[in-house]
1. Looking at region 416-470, which of its residues are closer than 18 Å to Asp218 by Cα, among the acidic types (Asp, Glu) and open to solvent by 50 Å² or more (accessible area, probe 1.4 Å)?
2. Hey, can you tell me all the residues within region 322-335 that are closer than 14 Å to Tyr391 by Cα and open to solvent by 30 Å² or more (accessible area, probe 1.4 Å)?
3. Starting from residues that are open to solvent by less than 30 Å² (accessible area, probe 1.4 Å) and assigned to a loop (DSSP other than H, G, I, E, B), keep the ones in region 346-357 and report whichever is nearest to Leu473 (Cα to Cα).
4. Does Tyr316 count as open to solvent by 20 Å² or more (accessible area, probe 1.4 Å), part of a helix (DSSP H, G or I), at pLDDT 90 or above and of a type in the set (Ser, Thr, Tyr)?
5. Six or more apart or on different chains, Cβ atoms under 6 Å: show the pairs whose first residue is in region 141-156 and open to solvent by 40 Å² or more (accessible area, probe 1.4 Å) and whose second is in a loop (DSSP other than H, G, I, E, B) and of a type outside the set (D, E, K, R).
6. Select the helices (runs of 4 or more DSSP H) contained entirely in region 111-196, then report the ones holding at least 2 residues which are out of contact with any Ser or Thr (no Cβ under 6 Å at 6 or more places or on another chain) and modelled with pLDDT of 95 or more.
7. Please determine whether any residue of region 383-392 is crowded, with 20+ Cβ neighbours inside 10 Å, within 26 Å of Arg483 (Cβ to Cβ) and small (Gly, Ala, Ser).
8. Only one of these conditions is not met by Arg410: (1) open to solvent by less than 50 Å² (accessible area, probe 1.4 Å); (2) farther than 30 Å from Cys222 by Cβ; (3) of a type in the set (Lys, Arg). Which number is it?
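The values are calculated or read from the model by the stated rules, or taken from the named source; none is laboratory data. If you're wondering where the values come from, they're calculated on a predicted model, not measured in any experiment. Note that each Cβ is placed from the backbone with ideal geometry, even for glycine, and that neighbours are counted across all protein chains shown. Note: areas computed on protein heavy atoms with side chains; ligands, DNA, RNA excluded. Shrake-Rupley method; radii C 1.70, N 1.55, O 1.52, S 1.80 Å.
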Amino acid sequence: MKLRNIILLIPFAAAGCVGLEQYPTNSYTDANYWNNEENVRAALYLGYNQCWSWDYYFANNILSDDVYGSRNSENELNVVTGLANTSSGRFEGEWDACYQELRTIHTTLDAQDRITSVDDAFKTRMLAELRLMRAWTYLRLITWYGDVPFFTSNPTLPEAREIGVTDENTIRQFILDELDYAASVLPKNTDLPASENGRYTCGTAIAIKARAYLLNNDFENCARECEKLINSTEYGTYDLAGDFDELFKTGHYGPESIMTIETAYNSLDDVLRSWNPGGWCPQSVGSRGVTKQSPTQELVDVFRKIDGSVAGDTDYEDRDKRFYSTIAYNGCRVDVPAARTDLGLTTDAEGRYTCYTNPDDEDRYGNRTQNDAYDGSQDRTATGYYGLKNYYADDIDAGGNCIKPIMEIRFADILLMYAESMYETGQMDSGVWDKTIRRLRERAGFASSYCSFPSGGDLRQAIRDERRAELALEGRRVFDLRRWAVLDDATIKETGASFLTSRATGAPFMDNGSNIVCQNSYNMRYWFAIPQAERDINHNLPQNPGW
């Protein structure tokens, strides 16, 4: 049975948010709990369930310049525009989710000597998976908060209310050591049977380790970890998928996938755990009236013409293939879920309808009640664009929920991390370029001249732009902006230049100089605030700079 099919078949499923200072309401109380094999497996699957979530995967886009949020994504919108305070829902939610996951993990790790109901091989692997999850969770914490409370077994309630913070560098070294251990124990991706799709592998551990180094701008070590997945099969066999569009429909267990966010279902009519694309995809096939984020014109401009030239705002012909899999634009064709018989859309023989974001075109060719068209409100697109990446009509049920697993780390990211690291350490050459950027551009359909190693120009910016186009709407951009330290640019802080600027809102076809305005300039800070509710309970918790 696949992980995705059993991830929610857990007798102690999570019940609400739990802070550092509390025990979760789903704590184990049965003294004989670990004597039952199904209980032990359930503990592992709960760890997977809580490890990472689709909502933050998408919401992280709002914290960058790739999309513009709306009132339907208020928590992130407040953070990115500088309007959040120390009680922000995003600050509290991220903190609570991480420490609840750590409690779940430590509950099992603390009981490992009492686990006798599974064979040694499964137990060893399970403990390594949990330690990988713990490393991943601490990486989330130090990336957003810096110094945080750190422990390797569950503290008592009194201890939790008095614990101070540990230096992030100490925690980072712990993360790297844990990932080394996981990489030495977990199987390769090529050794996983289909029934275990979605479980972490030694390649997952190496990929997370590369990301940990990248987030700290440790390019030398990042390159070393990437090479383990690029130049060797010791930790698994990975490669780019041949079709970028299909990758985000059915490729989540293919050779490009390294780490996924799992769903759970018995069938499309019996969904146990899913995610809702409605706030990101076009209104006609999504949750009408609740658009959460709209891709900016600046992001759209990153997708060049296939000859390498920069396209005009509304020139959507002959673009980078990734554009068509990532962005819904005026006049594009969108698949309609067969299970959504309530939508009433006119489709062609391939089951697609035409998405009109231009109100004039929707009036002329479509049906204005589709609600795709820009109208200046926060309920529809704010920019003339919607997201399409990860939208897969065949895996959407009658309620509009999607059961397609989402790739959190994929091989293309490894290639991009490697390219950037080699450039930053002075080792970028045509050989490195050809095994990284060239391969990505060739898959994107560019002319050979644009795929070749450039003889001039800003190579660093070219690599960064490639990263932005390849990983668009996958939640990575905000972390890149932070580690590149571009938030320190005075012009950005003062006017929002180059980010949420005059080109952030207002559909491109409405550009007469009056509609293109920035409602709130980009004012993202480097650190999340330590939640005030936690500091009210534990006075040993400091506050991060700027809060």
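1. Here is the first cut: in region 416-470, the ones closer than 18 Å to Asp218 by Cα are 416-428, 460, 463-464, 467.
This time we only want the ones that are among the acidic types (Asp, Glu), so: 420, 424.
Correct list: Glu424 only.
2. Correct list: Tyr324, Arg333, Asp335.
3. Thr357
4. Working: open to solvent by 20 Å² or more (accessible area, probe 1.4 Å): yes; part of a helix (DSSP H, G or I): no; at pLDDT 90 or above: yes; of a type in the set (Ser, Thr, Tyr): yes.
In short, no.
5. Correct list of pairs: Asp147/Val165.
6. On the way: elements: 120-145, 157-160, 168-185.
Hits in region 111-196: 120-145, 168-185.
7. Yes, some residue in region 383-392 is crowded, with 20+ Cβ neighbours inside 10 Å, within 26 Å of Arg483 (Cβ to Cβ) and small (Gly, Ala, Ser).
8. Result: Arg410 fails condition (2) only.
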